[in-house]
Amino acid sequence: MAIEKEKKTCGQVMAEWREAIWNPRTHQFMGRTGSSWALILFFYLVFYGFLTALFTLTMWVMLQTVDPYIPKYQDRLSVPGMMIRPKTDTLDVTFNVSNTETWDRYVKMLNDFLEPYNDSIQAATNDACRPGRYNEQPDNGVLNYPKRACQFNRTALGACSGLNDPTHYGYADGRPCILIKMNRVINFFAGANQTMNVTCAAKKEEDAQKLGEMVMYPPNGHIDLMYFPYYGKKVHVNYTQPIVAVKFLTLEANVDHYVECKINAVNIATTDERDKFAGRVAFKIRVNRD
């Protein structure tokens with residue numbers, strides 16, 4: 001004959017729970033005495049303290065091997081890439097001459113980018129270097145930090161400097177300016193002691209006539225050797241990389257123009273089809289007129 005299990009009242013259940021949390025007879029909290037809890041807390045304090053000390057020591061030892069100025073490991077690019085300003089996600093510069101809102105953002109990008117190139121800022125922070133030769137600054141056993149940078153004055157960009165027309169850079173009259181810069185590579189001697197320049201052309205020869213006439217600033221798209229080598233962000237403070245500007249004078253309106261600009265230098269190859277930005281940059285420009 002089965003014996004019916006006695007049901008506990010709600011009060012009995014609550015009393016058992018209270019005793020499980022705090023037992024006044026054995027002075028145990030959640031099944032452990034004060035000394036037992038103290039030993040457990042002490043163990044974890046020592047254990048995690050040891051892990052923290054070990055991690056801190058490991059990080060300290062690692063940091064002793066790292067130079068704060070020169071990256072220990074560099075993804076040394078054999079060929080520096082190139083980029084344009086104003087920069088868009090798809091390298092597509094499209095605007096309507098009569099609609100200010102379509103090119104206002106391009107003008108703002110150019111103004112922000114060129115602000116550090118103002119002649120007054122360059123004169124105050126950078127050196128007037130001798131053109132035609134590298135600006136080498138070896139340490140010679142003693143840390144030569146920070147490295148001095150050469151001046152690149154905004155006025156060198158002529159009609160694309162924005163100094164005479166800071167509100168439109170030619171976009172208001174359909175003769176826009178595009179700035180071209182070469183990406184920085186630490187300790188790279190661009191040009192191999194020979195002159196170099198940037199040229200731009202239509203990607204397809206048959207489209208050259210539609211692209212029309214262009215003018216380059218500085219003249220001939222020249223990039224001087226004095227802006228190289230680049231020693232790194234922390235070492236080469238105030239460094240402002242050289243820029244070349246191209247101004248499109250007679251773009252055919254309402255047509256997509258595909259343009260490729262490349263740097264012509266002895267030690268910079270521009271024919272690697274696997275890397276579309278190696279020593280060159282391609283972009284689309286379209287000027288719409290109502």
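The values are calculated or read from the model by the stated rules, or taken from the named source; none is laboratory data. Quantities reported herein were computed from a predicted structural model and do not represent experimental measurements. Here the Cβ positions follow ideal geometry from the backbone for every residue, glycine too, while neighbour counts run over all protein chains shown.
Taking the conditions exactly as written (crowded, with 20+ Cβ neighbours inside 10 Å and either outside any loop (DSSP other than H, G, I, E, B) or outside the structural domain of Asp139 (by TED's automatic domain parsing) (or both)), does Val244 satisfy them or not?
Here the answer is yes, as Val244 does meet what is asked.
What's the number of the condition Val97 fails, among (1) under 24 Å from the mean Cα position of the chain (by Cα); (2) surrounded by fewer than 20 Cβ atoms within 10 Å (Cβ to Cβ); (3) of a type in the set (A, V, I, L, M, F, W, C)?
(1)
Would you pick out the residues in the range 114-165 that are over 18 Å from Leu179 (Cα atoms) and in a helix (DSSP H, G or I)?
Ser120, Ile121, Gln122, Ala123, Ala124, Thr125
Exactly one condition in (1) under 25 Å from Thr155 (Cα atoms); (2) in a loop (DSSP other than H, G, I, E, B) is false for Lys234; which is it?
If we test Lys234 against (1) under 25 Å from Thr155 (Cα atoms); (2) in a loop (DSSP other than H, G, I, E, B), just (1) comes out false.
(1) in contact with a Pro (Cβ under 8 Å, 6 or more places away or on another chain); (2) surrounded by 15 or more Cβ atoms within 10 Å (Cβ to Cβ); (3) assigned to a loop (DSSP other than H, G, I, E, B): which one isn't true of His168, the others all being true?
All conditions pass for His168, except number (1).
Output the qualifying pairs, or none if there are none: Cβ atoms under 8 angstrom, residues six or more apart or on different chains, first residue in the range 21-42 and among the charged types (D, E, K, R), second residue modelled with pLDDT of 75 or more.
Close Cβ pairs satisfying both conditions: Arg32/Ile40.
Just checking, which of Tyr169, Tyr106 is closer than 19 Å to Asn288 by Cβ and in contact with a Cys (Cβ under 9 Å, 6 or more places away or on another chain)? Working first, answer last.
Working: Tyr106 fails: in contact with a Cys (Cβ under 9 Å, 6 or more places away or on another chain).
Answer to the check: Tyr169.
What number of residues in the range 202-231 are surrounded by fewer than 18 Cβ atoms within 10 Å (Cβ to Cβ) and touching a residue at least 60 places away in the same chain (Cβ under 8 Å)?
1
Scan the range 146-191 for residues that are modelled with pLDDT under 90 and within 27 Å of Leu249 (Cα to Cα) and jot them down.
Within the range 146-191, Asn164, Asp165, Pro166, Thr167, His168 meet the criteria.
When both residues are 6+ apart or on different chains and their Cβ atoms are under 9 Å apart, which pairs have a first residue that lies in the range 247-266 and is modelled with pLDDT of 95 or more and in a strand (DSSP E or B), and a second that is loosely packed, with under 14 Cβ neighbours inside 10 Å and of a type in the set (Asp, Glu)?
Phe248/Glu213
If the requirement is being over 30 Å from Gly158 (Cβ atoms), exposed (fewer than 10 other Cβ atoms within 10 Å of the Cβ) and of a type outside the set (Gly, Ala, Ser), which of these qualifies: Thr56, Thr90, Thr65, Thr52? Write out each step before concluding.
Values: Thr56 fails: exposed (fewer than 10 other Cβ atoms within 10 Å of the Cβ); Thr90 fails: over 30 Å from Gly158 (Cβ atoms); Thr52 fails: exposed (fewer than 10 other Cβ atoms within 10 Å of the Cβ).
Every option except Thr65 fails the conditions.
Could you say whether any residue in the range 202-213 is more than 22 Å from the chain's Cα centre (by Cα), on the phi > 0 side of the Ramachandran plot, outside any helix (DSSP H, G or I) and not hydrophobic (A, V, I, L, M, F, W, C)? Talk me through it step by step, then tell me what you get.
At the first step, the residues of the range 202-213 found to be more than 22 Å from the chain's Cα centre (by Cα) are 202-213.
Remaining after also requiring on the phi > 0 side of the Ramachandran plot: 212.
Among the residues that remain, those that are also outside any helix (DSSP H, G or I) are: 212.
Of the ones still in play, those that are also not hydrophobic (A, V, I, L, M, F, W, C) are 212.
Looking through the range 202-213, at least one residue is more than 22 Å from the chain's Cα centre (by Cα), on the phi > 0 side of the Ramachandran plot, outside any helix (DSSP H, G or I) and not hydrophobic (A, V, I, L, M, F, W, C).
Scan the range 237-286 residue by residue and report those that are closer than 22 Å to Leu157 by Cα and aliphatic (A, V, I, L, M).
Matches in the range 237-286: Ile243, Val244, Ala245, Val246, Leu249, Leu251, Val259, Ile263, Ala265, Val281, Ala282, Ile285.
As an exercise: evaluate Cys177 against (1) surrounded by 16 or more Cβ atoms within 10 Å (Cβ to Cβ); (2) of a type outside the set (Asp, Glu); (3) closer than 30 Å to Tyr69 by Cα; (4) within 24 Å of the chain's Cα centre (by Cα) and give the number of the one condition it does not meet.
(3)
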